[in-house]
Amino acid sequence: MTWSDFYLLCFLVGFSLSVLSFLAGAVNFHLPYHMHLPFHGAHHAGDLTGGGHAPGVALKSAAIKSGGHLSWFNVSTLLAFLAWFGGVGYILTKHSHFVGLTILGFALLAGLFAGLVVFQFMARVVKATSTPMLDWDYRVEGTVGTVSMAIRENGTGEVIFEQNGARKSTGARSEDGTSLPKGAEVVIARYDEGIAYVKPWDEFTK
């Protein structure tokens, strides 16, 4: 294996895994197999959880756990380092007259710079999501949402709503036990043990 092959391999590994990471976390692309990628878990942390926990606690806990000990040596910074290290090294090997050690030095500097940029971005994201929240921020009573899974009579469906700029979903039941079709606008009257009890929006506008 030549140096150009080595640099190209580093670039392909770093770039391809970075793309997979972005697709899995940023646009909710589901891989055909289970793989932990950066920020993929955080995407699901915004959903409400049952068991009596207040809405938003899952997201806050995930942010605090990840933000409290954010390491320089994480998957995102490593992939950025590999992609830039390999890309710069390959280009200089093919299109410059520098010797091997000089190319290696430039490639290392490029990789370290890319890793630093990614780390600073991650640190800002974690800092923003780990901001302490008040008890009022967890409350969903009075929030307007949309039925995403039809609620049958005396049955349970699902409702989607926004809270603190994040889109969330939770199990839902009709407050009076009537059925509600998918797409109906509702207001969350109360939240109990992981279930939102909703009323049609029309009842509040009459």
Report task. Scan segment 129-141 and give yes if some residue there is modelled with pLDDT of 85 or more and surrounded by fewer than 16 Cβ atoms within 10 Å (Cβ to Cβ), otherwise no. Result -> no
Query raised in the report: For residues in segment 158-177 being outside any strand (DSSP E or B) and farther than 14 Å from Ala196 by Cα, which is farthest from the chain's Cα centre (by Cα)?
Result: Asn164
Report summary line: Taking segment 88-108 and keeping only residues that are free of Cβ contacts under 8 Å to residues at least 40 places away in the same chain and surrounded by fewer than 11 Cβ atoms within 10 Å (Cβ to Cβ), one is left with His95, His97, Val99, Leu101
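Give the number of residues within segment 178-199 that are assigned to a strand (DSSP E or B) and within 22 Å of Arg139 (Cα to Cα). I'd like the intermediate steps shown before the answer.
Let us first name the residues in segment 178-199 that are assigned to a strand (DSSP E or B), namely 180, 185-192, 195-199.
Remaining after also requiring within 22 Å of Arg139 (Cα to Cα): 185-192, 195-199.
Total meeting the criteria: 13.
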Query raised in the report: Within segment 159-168, how many residues are touching a strand residue (DSSP E or B) at 6+ places or on another chain (Cβ under 8 Å) and surrounded by fewer than 17 Cβ atoms within 10 Å (Cβ to Cβ)?
Result: 3
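The values are calculated or read from the model by the stated rules, or taken from the named source; none is laboratory data. Predicted model, so just to flag it, every value in this text is computed and none were measured. Ideal geometry is used to build each Cβ from the backbone, glycine not excepted, and the neighbour counts take in all protein chains shown.
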